[in-house]
Every structure is written in C-alpha cells, then in structure tokens.
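What follows is a short report on a single structure.
The values are calculated or read from the model by the stated rules, or taken from the named source; none is laboratory data. A quick note: this is a predicted structure, and the numbers were derived from the prediction, not measured. A quick note on method: Cβ atoms are made from the backbone with ideal geometry, for glycine too, and the neighbour counts reach across all protein chains shown. SASA here: full protein model, heavy atoms, side chains in, ligands and nucleic acids out. Shrake-Rupley method; radii C 1.70, N 1.55, O 1.52, S 1.80 Å.
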Amino acid sequence: MAIPTEIKDAAMQGKAQARNVRLTPMKARRVVELIRGKRATDALAVLQFAPQSASEPVRKCLASAIANARFLADKTNEAFDERELVVSTAYVDEGPTMKRFQPRAQGRAYRINKRTCHITLVVSQPEKKGSAR
C-alpha cells in the first residue's frame, strides 16, 4: 500500500504558529525576513542576539517548529539531524486589532489601534540531490 506524499513528507518538516502575538505585523515581518531560508540553528543564533523586540516571539516559534520536527521524526522512526533543518517557510499575517480610545481636548476621543499578528514558521530538511536518480 502506497503512503500518500503528505504523510511521507510530514516527518521531514515541522510547523509552528504563534497566534495573537501582541506585536505589529510590520515589526514582526522585519525580523522574519532575517531568518527566511537560513539553517534553523543559525536562525536561532541570529534571533537570540537581534536587537528587535520582535525577535523573542519569533525565536520561541522557531524553537517550537524544530521540536515539532523532532517529534514527528521520532514518531515515524526516521533519522533526524537538527543541523540539517532549514527555515523553508516563514510569514507573518495580521491578527485581530484591539481598539482603544484616549480622551482628548474638548470631549473628543483619539483612537488607538493595538495590533496583533500570527507568526507561521515551517522548518524542513532539504531534499537530497543524489536520491532522485
């Protein structure tokens, strides 16, 4: 019986989402662009020393994606090397906006938007070039 490709490839990648992070999407995208396409261990090092405040939630999400990949590899009894993982997909979506008001002069109100975002990271092992033949 053939195994569907989604299940076969699922052990080779780990996915993690951080939802409703109290951070603006533009600031989070700046940090995510630093790690897109890099090795997972290098990306963790970059995020650990990045001066942006958005690097902490992105680092936690990346660590979770690596742990998820390790769990799936153990579950399917496949060889797993954390050093081979690459950040294959990384994007930030806009989450719900909390709307607040600040009183201003002469009875007016000033609107404050407290934005949130959803961070999605996928780490996977690159395909071996010699195994395709």
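Here are the numbers:
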{"quantity": "Listed residues T116, L85, A65: farthest to the positive end of the dipole of the chain (Cβ charges)", "calculated": "T116"}
{"quantity": "Whole-number D in µm² s⁻¹ for the chain, Kirkwood Cα-pair radius fed into Stokes-Einstein, 20 °C, 1.002 mPa s", "calculated": "129 µm²/s"}
{"quantity": "Straight-distance crosslink candidates among aspartates and glutamates, where the alpha carbon sits under 16 Å from K128 and sequence neighbours closer than 8 are dropped", "calculated": "D9, E78, D81, E82, E84"}
{"quantity": "Cβ-defined net charge surrounding S53, 12 Å radius [Lys, Arg +1; Asp, Glu -1]", "calculated": "+3"}
{"quantity": "Only Lys, Arg (+1) and Asp, Glu (-1) charged, at Cβ; the chain dipole about Cα centre in debye", "calculated": "980 debye"}
{"quantity": "Around V31: net Lys/Arg minus Asp/Glu count, Cβ-Cβ under 11 Å", "calculated": "+3"}
{"quantity": "Distance between modelled label sites at E78 and F49, nm, 7 Å Cα→Cβ extension", "calculated": "3.2 nm"}
{"quantity": "Heavy-atom surface of the chain, accessible at 1.4 Å and reported per residue (Å²)", "calculated": "69 Å²"}
{"quantity": "Solvent-accessible area, 1.4 Å probe, carbon plus sulfur percent, for region 19-104", "calculated": "51 percent"}
{"quantity": "Förster radius 35 Å - calculated FRET efficiency between Y110 and R19 (Cβ-Cβ, nearest 0.05)", "calculated": "0.80"}
{"quantity": "Degrees between helix 40-49 axis and first principal axis of the chain (Cα, 0 to 90, nearest 10)", "calculated": "30 degrees"}
{"quantity": "Proximal aspartates and glutamates to K114, defined as alpha-carbon separation beneath 13 angstrom and excluding residues fewer than eight positions away on the same chain", "calculated": "E94"}
{"quantity": "Taking the chain and dividing mean pair separation by its residue count, relative contact order in percent (alpha carbons under 8 Å, at least six apart)", "calculated": "37 percent"}
